[in-house]
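Trainee: Structure provided below as structure tokens; questions to follow.
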Amino acid sequence: MSMSSNHFLLNRLATLMLQHEQQCLSVDLLFDDEKIGDLVKSVQIDSPYQQLLLQGVLTESVKGGNLFVGFTVEGYFHYNLGEVLYSKSQNENGQYLLGRYISSKLPGIERGITFALDHQVRNGSFDGLTHFINSNENHTPNVCLDPVLNAFILLGIERTAENLFTDFKENQIKLLTLVRSKLKYTGKKKILSDLDQLLWKKINKIKAKDIQHFFLLSQQLISRDSFEINDFYSAYQVFKKLSPTKNFHHYNVEILENLGQSFLRFSKKKIALSCYESAMNEAESAELQLHLKSHVAQINKSMSNTNIAVKYYQEVIDTCFIEGLWSIESKTKLRLGEIFKQQGRFSDALILFEDVISVYKKKYGNYHSETARSLGYLGSYYIYIQHWEDAEKIIRESMNIRVQILGEYNTKTCISYVNYAEILNELSDFKSCKFYLEKALLIRINKFGRDHQDVAYTLFGLGNMYLKMGDLSLAKKHHNEALEIRERKLGSEHIFTQKSRLTMLSIHAHLGEFQDFLTIKMAYLSHEAGNQKEIDKIEKMQRDYFK
């Protein structure tokens, strides 16, 4: 018999399972079925039923002395059920699938309906999806996720949005949140960007926004311009004042955390700190409070409030130890270890780094991204104290793990390339240093474009290499481009921007370029990131080189 007979048999089985609301059917029932009874009764080795049993698509089992048959793999069942539901929906009104979802007790009905909705989308219809999305059923976003995702990909962002997302009610917001997460996870950046642009435009036209609107918009703040973030923050503050008694804790926490992350992109640390502290105070679970408290500590550290940062980190670590929250505890230990390293408390820092590595290797194994990340912290520690051989060994181990699990062209692997190159530069292995930096640069440019902060970081490393080699011309070229990118992407006040300015000051001084030196000096001094120690160095540099 042909494969079409196999398909017919599977389709009929799914139909009967839907009718009887059972995933396993009595073989006696199938014997009596006028459409497939003869196919099931046949004991010929090449009969459709026997083929499907031999291929492992179907499985027979004995229950209570009776012989039953069912699909071996749930995925086979869901797909065939979806075909049946799609076929039936063609002869019914648009509410057919939603009605089945609500009334059917058949296990697996959700996945079957998902496949049926997907069939509709692939045939250019939004009929079933429209009824699901506009219903008040709590779980419909999960049923609709894959079909909506395919609709955006196959039928276009604008067409799908116009048909499915009109008033942005709660179910629509939940679904769009899931869609955005999956697009991000699967790396479909162009579709995500186009969707975000459309949502930003449509939702901002709504005059009377509710908390769900702010929640959805906040998810894309990390990619918006500074003035857009400021406008959002102002509108959100007005909304909160007008709705002071409403319980929006879950939404508020995520909105505030997203705002905090976005403000940090532009080095607006004070307002970012305020957002994170507000989020921490609104968080209802202890785990979330600890997660946010660790971020509050991190921002305090970046604002030179080191004592507060250490206090908060230690409180988080102690509480996590009691509660058994080893993941947050480990991440916080790495951050506290960084402070100890910078304070010269080297033995305390080393204990924390090695403790986290031990935990990660036990929990995740030797070859895991978190293990690689923790080794990166230890390698950075050895770089800081200039133990270059130890640093080279640890960073190479971290790099090899990332290459093995992420691939050599992954952007996270680039982190190890750049760190490893820094060590090779100190060891005067310029050939290898250049190889890893140029490899990282090419990967990052291909991934992010040239105007990106990670590209600037790599150019900074290349500039340092040429400085050590004594090639001031190439050093100036790379450091100047790094500075220009950082000014555009990070802002004038960011610590990395200021670090680039300090390097450019040294280059201009060595080249005797007085006017360029003064221009960079004024830019450096005009921002609060400058500190007296560095200012004294600049003044001495000016006296030494421009008498």
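The values are calculated or read from the model by the stated rules, or taken from the named source; none is laboratory data. Predicted, not measured: the structure shown is a model, and the values here were computed from it. Here Cβ is always computed from backbone atoms with ideal geometry, including for glycine, and neighbour counts include all displayed protein chains.
Trainee: Looking at region 1-60, which of its residues are among the small types (Gly, Ala, Ser), part of a helix (DSSP H, G or I) and either out of contact with any helix residue (DSSP H, G or I) (no Cβ under 7 Å at 6 or more places or on another chain) or buried (at least 17 other Cβ atoms within 10 Å of the Cβ) (or both)?
Mentor: Ser4, Ala14
Trainee: Looking only at region 22-38, decide whether some residue is farther than 20 Å from Tyr86 by Cβ and in contact (Cβ under 8 Å) with a residue 60 or more places away in the chain.
Mentor: So far as region 22-38 goes, yes, one or more of its residues are farther than 20 Å from Tyr86 by Cβ and in contact (Cβ under 8 Å) with a residue 60 or more places away in the chain.
Residues are listed down the side, and each one gets a yes or a no for (1) hydroxyl-bearing (Ser, Thr, Tyr); (2) touching a Ser or Thr at 6+ places or on another chain (Cβ under 6 Å); (3) over 24 Å from Ile113 (Cα atoms):
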| site | (1), (2), (3) |
| --- | --- |
| Asn6 | no, no, no |
| Leu10 | no, no, no |
| Leu13 | no, no, no |
| Val27 | no, no, yes |
| Gly37 | no, no, yes |
| Val43 | no, no, yes |
| Val84 | no, yes, no |
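Residues are listed down the side, and each one gets a yes or a no for (1) among the β-branched types (Val, Ile, Thr); (2) under 28 Å from Ile133 (Cβ atoms); (3) more than 38 Å from the chain's Cα centre (by Cα); (4) modelled with pLDDT of 90 or more:
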residue	(1), (2), (3), (4)
Cys24	no, no, yes, yes
Asp28	no, no, yes, yes
Leu52	no, no, yes, yes
Gly64	no, no, yes, no
Gly99	no, yes, no, yes
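Trainee: Looking only at region 164-210, which residues are among the β-branched types (Val, Ile, Thr) and either within 24 Å of Ser234 (Cβ to Cβ) or modelled with pLDDT of 90 or more (or both)?
Mentor: Across region 164-210, the qualifying residues are Ile173, Thr177, Val179, Ile191, Ile203, Ile206.
Trainee: So for region 398-415 (the condition being closer than 30 Å to Asn531 by Cβ, under 30 Å from the mean Cα position of the chain (by Cα) and either part of a loop (DSSP other than H, G, I, E, B) or without any contact (Cβ under 8 Å) to a residue 60 or more places away in the chain (or both)), does at least one residue qualify?
Mentor: Residues of region 398-415 that are closer than 30 Å to Asn531 by Cβ, as a first pass: 415.
Subsequent filtering for residues that are under 30 Å from the mean Cα position of the chain (by Cα) retains 415.
With the extra rule that they be either part of a loop (DSSP other than H, G, I, E, B) or without any contact (Cβ under 8 Å) to a residue 60 or more places away in the chain (or both), the set shrinks to 415.
Yes: region 398-415 contains one or more residues that are closer than 30 Å to Asn531 by Cβ, under 30 Å from the mean Cα position of the chain (by Cα) and either part of a loop (DSSP other than H, G, I, E, B) or without any contact (Cβ under 8 Å) to a residue 60 or more places away in the chain (or both).
Trainee: Let me ask you something else. Among the residues of region 486-541, which ones are over 17 Å from Phe266 (Cβ atoms) and outside any helix (DSSP H, G or I)?
Mentor: Within region 486-541, Gly512, Glu513, Gly530, Asn531 meet the criteria.
Trainee: Still on this structure: Given the condition more than 22 Å from the chain's Cα centre (by Cα) and at negative phi, answer yes or no: does some residue in region 445-454 qualify?
Mentor: The initial filter retains those residues of region 445-454 that are more than 22 Å from the chain's Cα centre (by Cα), namely none.
Looking through region 445-454, none of the residues is more than 22 Å from the chain's Cα centre (by Cα) and at negative phi.
Every residue, every condition in (1) of a type in the set (Ser, Thr, Tyr); (2) at pLDDT 95 or above; (3) in contact with a Gly (Cβ under 8 Å, 6 or more places away or on another chain), yes or no:
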site	(1), (2), (3)
Ser330	yes, yes, no
Gly337	no, yes, no
Ser347	yes, yes, no
Ser374	yes, yes, no
Leu378	no, yes, no
Ile383	no, no, no
Glu389	no, no, no
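Trainee: Which of the residues that make up region 352-368 are surrounded by fewer than 17 Cβ atoms within 10 Å (Cβ to Cβ) and either part of a helix (DSSP H, G or I) or in contact (Cβ under 8 Å) with a residue 40 or more places away in the chain (or both)?
Mentor: Filtering region 352-368 for residues surrounded by fewer than 17 Cβ atoms within 10 Å (Cβ to Cβ) gives 354-355, 358, 361-368.
Hits for region 352-368 are Glu354, Asp355, Ser358, Lys361, Lys362, Lys363.
Trainee: Can I ask one more? For Leu336, indicate whether it is within 21 Å of Ser416 (Cβ to Cβ), assigned to a helix (DSSP H, G or I) and either touching a residue at least 40 places away in the same chain (Cβ under 8 Å) or not hydroxyl-bearing (Ser, Thr, Tyr) (or both).
Mentor: Here the answer is no, as Leu336 does not meet what is asked.
Trainee: While we're looking at this one, here's another question. What number of residues within region 463-500 are touching a residue at least 60 places away in the same chain (Cβ under 8 Å) and either within 15 Å of Asp451 (Cα to Cα) or within 26 Å of the chain's Cα centre (by Cα) (or both)?
Mentor: 4
Trainee: Can you tell me which residue is farthest from Tyr251 (Cα to Cα) among those in region 189-227 that are part of a loop (DSSP other than H, G, I, E, B) and not basic (Lys, Arg)?
Mentor: Asp225
Trainee: Checking Glu282 against (1) among the acidic types (Asp, Glu); (2) under 19 Å from Leu216 (Cα atoms); (3) within 23 Å of the chain's Cα centre (by Cα): exactly one of these is not met. Which one?
Mentor: The number of the failed condition is (3).
Trainee: Which count do you get for residues in region 408-463 that are of a type in the set (Lys, Arg) and within 15 Å of His479 (Cβ to Cβ)?
Mentor: Residues in region 408-463 being of a type in the set (Lys, Arg) and within 15 Å of His479 (Cβ to Cβ): 0 in total.
Trainee: Scan (1) exposed (fewer than 14 other Cβ atoms within 10 Å of the Cβ); (2) of a type in the set (Asp, Glu); (3) modelled with pLDDT of 95 or more for the single condition Glu315 breaks and write down its number.
Mentor: Unmet condition: (1).
Trainee: Taking region 137-158 as the search range and keeping residues that are farther than 25 Å from His78 by Cα and in contact with a helix residue (DSSP H, G or I) (Cβ under 8 Å, 6 or more places away or on another chain), which one is surrounded by the most Cβ atoms within 10 Å (Cβ to Cβ)?
Mentor: Ile157
Trainee: If you check Ala161 against the conditions, is it buried (at least 21 other Cβ atoms within 10 Å of the Cβ) and in a helix (DSSP H, G or I)?
Mentor: When the stated conditions are applied, Ala161 does not pass them.
Trainee: Answer yes if at least one residue in region 247-255 is without any contact (Cβ under 8 Å) to a residue 12 or more places away in the chain and over 23 Å from Glu338 (Cβ atoms), and no otherwise.
Mentor: So far as region 247-255 goes, yes, one or more of its residues are without any contact (Cβ under 8 Å) to a residue 12 or more places away in the chain and over 23 Å from Glu338 (Cβ atoms).
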